[in-house]
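Q: Starting off with a structure, shown below.
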Amino acid sequence: MAFQGKKLINDPNDVVTEFIEGLVETYPGLQYLDGFPEVKVVLRADVSSATYDKVAVISGGGSGHEPTHAGFVGEGMLTAAICGDIFASPPVDSILAGIRAVTGSMGCLLIVKNYTGDRLNFGLAAEQAKSEGYKVEIVIVGDDCALPPPRGIAGRRGLAGTILVHKIAGAAAAAGLSLAEVTAEAKCACEMVGTMAVALSVCTLPGQVTSDRLGPGKMELGLGIHGEPGAAVVDLQPVDVVVSHVLKQILSTETNYVPITRGNRVVLMVNGLGATPAMELMIVAGKAVPNLQLEHGLAVDRVYTGSFMTSLDMAGFSISIMKADQGILQRLDAATKAPSWPVGADGNHPPAKIPVPMSPSRSTKSEESLSRPLQLTQQGRILEVAIEAAANEVISMRDCLNEWDSKVGDGDCGSTIYRGATAILEDMKKCYPLNDAAETVNEIGASIKRVMGGTSGIIYNIFCSAAYAWLKVNTQSESVVTAKQWAEAFEASIAAVSKYGGAVAGYRTLLDALIPAAAVLKERLNAGIDPCTAFLLSSEAAMAGAESTKQMQAQAGRSTYVSGEILASVPDPGAMAAASWYRAAALAVKDKYQAS
C-alpha cells in the first residue's frame, strides 16, 4: 500500500535551496550564487573568473543524489556544481551562471552524466558560453554496466563512477594542465570505469507517496539513480551472492564494458544509495575485495566506501570498478578540499553568497514592449484564451502525469509541467505582449526556461525558441499571423525538437502527439477547411498519437530502460501532456470564435 513519505523538510519545492544554504554554512570553503530560486550554483569561495588561472571543472545535474554534486566542490576537485531540482537537469541559465562565475582564461571542462536532459542543457549552455568567448569542453560519463547494448539514442547511464572522473579531472586541473590535457584525462577515466547498482527499496520524492513497487523479500538489480525500475527484480540474496553477481556483470568479457583483465590494478568504490547503513556498506566492501583478488585476479589498490552518489532515501548500493595505473592513482591521491571526498573544513569564512554574473552581451527589452497591452486585439484575445486553457489543462493533470511517469520514468513529469504552466499563467497577467504573437511565444519560452528543469523544460524551450525565430522572420510586416503561418511555425518547432533531442516519430515521446497534429493541421488548411475546425481536427490527431505510444518501444529518455510490458500499461506522459494542452487550446479557440 502506498503512503506519504516522511521527510524532515518544509515546502517540497524549497528542498534544494535549503540544502544549499545548509551546505555553505557547514563548509566555509563553499559559497553559492545569489539567484534563488532559478539559479542554484555552488562554487569554490576562493575562485573568481577574473583571476582564476587554471582549468575550471564543472559538473551538475538533478538534486537528490547528495553529496553529489555540490559536496565535491573544492580545491583539487570540482570548481562549481550546478544543482537542478529533484531528479531534474538544471536549466541552461544556471549552467551559464556557473561557467561565468568560475571560468578564467584557461577555460572549463563540463563533466556530464549520460542523461538526455543533462546532455541537452549542458550542451546548449556550452554553445552559448563559447559564443561569449569562453573555452569550453564537455565529457559525457556513461558507466552503467547493468543493461544490454543501448537501445535508441539513450546509451549507458551515468552513475557513481562519475565521482572518480571528477577527482581525476580536478586533480589534473589543480596541477596546471591545459584544457585539452584535462579533457583527455577525464575521457580516459570514463573509458576505464564501470558501475552497477542494487536496491532493496524505492526512493521517495519530497511531498510524494512512497512507491510499493518492490514487495517483501525482493531486490532490484541494475537500476539507475532516479527511482526508475531496474533491469530485473529478484529474490533477496545474501550479500556474498549479490556482490559476486555485480562484479561478474561489470567485468564480463562478453559485454566488454570496461577494459579490465586478470593481472590489472583496479580501484573499488562501494557507494550507498541513501538509506544504507555504513555497516552494510563495509560488509559489501569486505566481500568485494577478496572476490576481485581471488575470483578475477585483480590487484585492488584503493577502496572508497561511503555514500557518494545517492538516490534520496533508497536502500541499496552500487559498485564501481576503475582500471588503475600510477597516473590515475596519483590523481586520486592528490590533495583536495572537497568536503565529501571527505575532508575537514578550515576557519576561513568568506561571504556565503555573491551576485549572479550576467552575460556581457545581454540585451534588455523595454518595459513597454514586454507588458500586457491595455487593450487586446482579436488575435490577442484568442492567444489569451488559448494559453490560459492549455496551461490550466496540464495543471489539472499533474497527479495523473506523475502517476504515469512513476511507472516509466522518474515520477516528476506532472510536477515539472505544472511549474511551467503556473509560471505561464502568472507571467501572462503582467508581461505577455499578447497583441504581438511572436513576442508572446518568446515570453512563454522565457517563463518555461525560468522554472522548468529536466528534459521537458529544455524541449519546450527549444520548441518556443524555434517558433519565435520562424515568426520573427516570416511575419515581420504583418500585424496578424494567419492560420497557415501558425501551422508552419508549428512545423518549425517540431523540426527543432527532433533535431536537437534526436527523437522522431515512433520513439515514444511528445513528438508522437505533435507530429500527427501538425500533419492534419497542414492538410486541412490546404484543403480550405476553416482554421477553427482544422485546429480541432488536428487536436484529435494529437490525442490519438499520444494514446498510440502504449504500443511503442521507447527509443529515447529514461523509458528506454523500462520493460515493454510496463510501457504497454500507460501512454507516454510527455505525449499525453502535449496532446492535452493542444486540444484544450483548440477547444478554447473554437469557443471564442463561436462567442464572437
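Q: Over the alpha carbons of segment 3-341, what is the largest minus smallest coordinate on each principal axis, giving the biggest first in Å?
A: The Cα atoms of segment 3-341 stretch 54, 50, 40 Å along the principal axes, largest first.
Q: What number comes out for the charge environment of residue 541, summing +1 per Lys or Arg and -1 per Asp or Glu over other residues with Cβ under 13 Å away?
A: Charge balance near residue 541 sits at -1.
Q: Amide H of residue 218 versus every other amide H placed in the peptide plane: which residues, excluding those fewer than 5 positions away on the same chain, fall under 5 Å?
A: HN-HN under 5 Å from residue 218: 236.
Q: What does the net charge come to around residue 108 if you take all other residues with beta carbon closer than 11 Å to its beta carbon, with K and R at +1 and D and E at -1?
A: Within the 11 Å Cβ shell, the charges total +3.
Q: Go through segment 492-509 residue by residue and turn each phi into a ³J(HN,Hα) via Karplus (6.51, -1.76, 1.60, θ = phi - 60°); whole Hz please, and just put x for glycine and proline.
A: Here the 3J(HN,Hα) series is 5, 5, 4, 4, 5, 4, 5, 5, 8, x, x, 8, 9, 4, x, 8, 6, 9 Hz.
Q: Going highest first, how would you order 544-552, 453-461, 325-333 by mean Cβ packing within 10 Å?
A: Ranking, from highest mean packing down: 453-461, 544-552, 325-333.
Q: Next question, about the same structure. Which percent, nearest 5, of DSSP beta bridges in the chain are antiparallel?
A: 55
Q: Can I ask one more? Go through segment 24-32 residue by residue and turn each phi into a ³J(HN,Hα) via Karplus (6.51, -1.76, 1.60, θ = phi - 60°); whole Hz please, and just put x for glycine and proline.
A: Going residue by residue, I get 6, 6, 6, 10, x, x, 10, 8, 10 Hz, with x marking Gly and Pro.
Q: On to the next question. Over the chain, what per residue volume does the convex hull of the Cα atoms give, in whole Å³?
A: Cα convex hull per residue, to the nearest whole number: 150 Å³.
Q: At a 10 Å Cβ-Cβ cut-off, how would you order 103, 210, 195, 377, fewest neighbours first?
A: So the residues, fewest neighbours to most, are 377, 210, 103, 195.
Q: Give the peptides 180-192, 433-445 in descending order of average Cβ contacts within 10 Å, highest first.
A: Averaged packing, sorted descending, gives the order 433-445, 180-192.
Q: Now, a different point. Which of the peptides 296-305, 8-17, 169-178 is most tightly packed, and how do the rest follow, going by the mean number of other Cβ atoms within 10 Å of each residue?
A: Per-residue mean Cβ counts within 10 Å order the peptides as 169-178, 296-305, 8-17.
Q: Amide H neighbours of residue 316 under 5 Å, at least 5 residues apart or on other chains, H built in the peptide plane: list them.
A: The list, which skips near neighbours in sequence, is 200, 273, 274, 275, 276.
Q: Can I get the semi-axes of segment 378-595's equivalent ellipsoid? Compute them from the C-alpha gyration tensor as square roots of 5 times the eigenvalues, in angstrom, largest first.
A: That gives 27, 19, 16 Å for the three semi-axes.
Q: Relative contact order for the chain: what percent, with Cα pairs under 8 Å and sequence separation of 6 or more?
A: In percent, rounded to a whole number, it is 15.
Q: If you don't mind, there's one more thing I want to ask. Please list 3J(HN,Hα) in residue order for segment 399-412, calculated via the Karplus relation 6.51 cos²θ - 1.76 cosθ + 1.60 where θ = phi - 60°; whole Hz, with x for glycine and proline.
A: So the J values, rounded to whole Hz, are 5, 5, 5, 4, 5, 4, 5, 5, 8, 10, x, 10, x, 10.
Q: Would you mind counting up the charge near residue 186? Only other residues with Cβ under 11 Å from its Cβ, with Lys and Arg at +1 and Asp and Glu at -1.
A: Taking every other residue near residue 186 into account, the sum is -1.
Bear in mind that the values in this text are calculations on the coordinates, not laboratory data. Just so we're clear, the structure is a prediction, and the values are computed from it rather than from any experiment. Because the Cβ atoms are built from the backbone with ideal geometry, glycine has one as well, and the counts that use them run over all protein chains shown.
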